[in-house]
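Structure record follows, encoded as C-alpha cells.
The values are calculated or read from the model by the stated rules, or taken from the named source; none is laboratory data. Everything quoted here is computed from the prediction, not taken from an experiment. Glycine also receives a Cβ, built like all others from the backbone with ideal geometry; neighbour counts cover every protein chain displayed. Accessible surface is based on the protein model in full, side chains and every heavy atom, while ligands, DNA and RNA are left aside. Shrake-Rupley method; radii C 1.70, N 1.55, O 1.52, S 1.80 Å.
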Amino acid sequence: MLLTIDAGNTRTKWAVFNRHGEITHHGVCANEQLSGIDLSPKVLGYERVIISNVAGKVHAACLEKLLAKHHQLVLWVTAGPEACNVTNGYTEPETLGTDRWAALIAAWHNKHAACVVVNAGTAVTVDALHGVAGSKQQGEFLGGMILPGIRLMQASLGLGTAQLPLHNTMQESAENSPVDIFAKSTAQAMDAGTLNAITGAIERMAAALETQCWQTPFIILSGGDADVIQRCLTDRVTNPTVIIDNLVLNGLYLLDGFNQVEQAPQ
C-alpha cells in the first residue's frame, strides 16, 4: 500500500493506493490545516510514501514532521530526463514542477496519445504531450505555459487597480450559466477576462500541438477549477475534453512503481 501526497500552493491532497492501483483512502485540506491531519499508517494502512511538493520549504518541513513519527520510507519526487515511458523536454529537466511531471506521466498512461494537460489550481499549467515518432509506448513532454489561476488573476486586478473590486464570484456565476464574453457589469467583465485568458491559452496550445503532431489532441483537465474551465471550453473547441480527478496522485503512483523497478537489484 502506498500513500501519495500532492502538496500544492494552496491545498494538500493525499490518497492511498493498493497494489492494483485502486484508491482505498483519499483526502484534502488547506495547507495551513495540515498539522492537524492524521496520516498514520495504522489508520490508512500504507507501507511507503511518495510526495510531490511545490509549496516550498516550510510546508516540506511540516510534512516531514508529520510523517517522521511513523518511520515509513518517504520518497520526495524530483523531475528527471525520463520516467514511466515519458521523456522530459525541459532544457533543465530537474526544474520542472513535480506536480506537472506527475500529471504528464498519468495523462500519457491514460491516453497514449497527444494531450494538452491542464492543472487548474492557484496557478494554471498548460502542457503539451505527444507520442514519439515510431513508438506507440513512448511519450514526450514538449513544454508548456504557466499563468495565474482564476482567483489569482482576480485578486491581482483588485489589488493593482483603483476602481476594480476585490472579487471572486466566478464559482457562483459559472455554476448558473456560461460566462458571457460581452459582459454587462464590472464583476462579470472580470469573470469573463480571467476565464477567457485561461481557455484562450488552452485553445492556442491545442492548435499548436495539432500542427506539431498532425493529431487532434485530447484536453485533459484536473484541479479545483477544472469544471468551470471545461464548461467554457465545451462550446469553443472540438477536441475531446475530459476531467481526470487525482491526476497528480495517479502519476505519483506510477512514479513509485518506476522507482521500485529502478531500485531493484539487477
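Couple of notes before you dig in:
- Selection status of Ala120, open to solvent by less than 60 Å² (accessible area, probe 1.4 Å), within 19 Å of Asn53 (Cα to Cα) and touching a Gly at 6+ places or on another chain (Cβ under 7 Å): yes
- Those residues of segment 29-42 which are in contact (Cβ under 8 Å) with a residue 12 or more places away in the chain and open to solvent by 30 Å² or more (accessible area, probe 1.4 Å), in sequence order: Ser35, Ile37
- Test: residue in segment 99-119 that is among the acidic types (Asp, Glu), under 13 Å from Val248 (Cα atoms) and touching a Ser or Thr at 6+ places or on another chain (Cβ under 7 Å): yes
- Selection count, segment 43-57, where residues are within 21 Å of the chain's Cα centre (by Cα), in contact (Cβ under 8 Å) with a residue 40 or more places away in the chain and open to solvent by 80 Å² or more (accessible area, probe 1.4 Å): 0
- Output for segment 63-98, where each listed residue is open to solvent by less than 90 Å² (accessible area, probe 1.4 Å) and among the acidic types (Asp, Glu): Glu82
- Subset of segment 75-118 [closer than 21 Å to Leu2 by Cβ, among the polar types (S, T, N, Q) and not in a helix (DSSP H, G or I)]: Thr78, Asn85
- Of all residues in segment 63-74, those satisfying the criterion of being outside any strand (DSSP E or B), farther than 17 Å from Asn31 by Cβ and in contact with a helix residue (DSSP H, G or I) (Cβ under 8 Å, 6 or more places away or on another chain) are His70, Gln72.
- For Trp76, the requirement of being within 15 Å of Ile220 (Cα to Cα) and aromatic (Phe, Trp, Tyr) is not met.
- Yes/no for Leu195 being modelled with pLDDT under 80, touching a helix residue (DSSP H, G or I) at 6+ places or on another chain (Cβ under 6 Å) and either open to solvent by 70 Å² or more (accessible area, probe 1.4 Å) or among the hydrophobic types (A, V, I, L, M, F, W, C) (or both): no
- All helices (runs of 4 or more DSSP H) inside segment 179-266 with 3 or more residues being free of Cβ contacts under 8 Å to residues at least 12 places away in the same chain: 186-213, 247-263
- Test: residue in segment 5-28 that is surrounded by 13 or more Cβ atoms within 10 Å (Cβ to Cβ) and assigned to a helix (DSSP H, G or I): no
- Count - residues of segment 88-141 that are in contact (Cβ under 8 Å) with a residue 60 or more places away in the chain, farther than 19 Å from Gly224 by Cβ and charged (D, E, K, R): 1
- Considering residues of segment 107-151 that are farther than 23 Å from Thr91 by Cα and among the polar types (S, T, N, Q) only, the residue modelled with the highest pLDDT: Asn110
- Residue list for segment 181-192, restricted to those being surrounded by 16 or more Cβ atoms within 10 Å (Cβ to Cβ) and of a type in the set (D, E, K, R): Asp191
- Residue check for Ala60: assigned to a loop (DSSP other than H, G, I, E, B), in contact with a strand residue (DSSP E or B) (Cβ under 8 Å, 6 or more places away or on another chain) and surrounded by 14 or more Cβ atoms within 10 Å (Cβ to Cβ): no
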